[in-house]
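In what follows, a single structure is set out as structure tokens and then discussed.
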């Protein structure tokens, strides 16, 4: 019997620095080209979700993250206009403010103090709200 057709698996990462700022990228590609978003992307076959999360942050923002804490799983079939994706979102805390370097499919990467003033891609505002409720920042 073949594998069933299932949603694509992605990961997103909420990263706070020592000043309480969140790391956001600006998307280079559609959907949401030019919009701010959390670093993240698709999980490769044979890769753990945690490894994918760390890889995507490194590829998109040039920052290495260590310990990851689970924020939640987001599975609304409408969360990505390209099709049904399920993301597993993590939180990482960095002691200082490293300088992000945009790469991969990010046109920019920056620390943002008040993300609520921005229109974020996908359901990333909900993910950030949920991360804040963990009370770790």
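Every read-out reported here was derived from the displayed coordinates using simple, explicitly stated rules and does not represent laboratory data. This structure is a prediction, so every number in the text was calculated from the model and none was measured.
Between 0 and 90 degrees, the angle of helix 124-133 with respect to the longest Cα principal axis of the chain falls at about 60 degrees.
The calculated 222 nm mean residue ellipticity attributable to helices in the chain amounts to -5000 deg cm²/dmol, summing -39500 (n - 2.57) over DSSP H runs of n ≥ 4 and dividing by all residues.
Starting from a Cα-only point model with no solvent, please compute log10 I(q)/I(0) by Debye for segment 1-128 at q = 0.10, 0.11, 0.13, 0.16 1/Å. Summing over Cα pairs of segment 1-128 leads to -0.28, -0.34, -0.48, -0.73. Using C-alpha pairs under 8 Å with a sequence gap of at least 6, the mean separation divided by the residue count of segment 16-133 gives a relative contact order of 35 percent.
Give me the extension gain from residue 28 to residue 105: residue separation times 0.36 nm, minus the current Cα-Cα distance, reported in nm with one decimal. Please report the intermediate quantities before stating the final value.
On the way: separation 77, 0.36 × 77 = 27.72 nm, distance 0.53 nm.
So the chain would gain 27.2 nm between residue 28 and residue 105.
Rounding to the nearest 10 and keeping the result within 0 to 90°, find how far the Cα-based axis of helix 49-61 lies from the longest principal axis of the chain. It works out to around 50 degrees.
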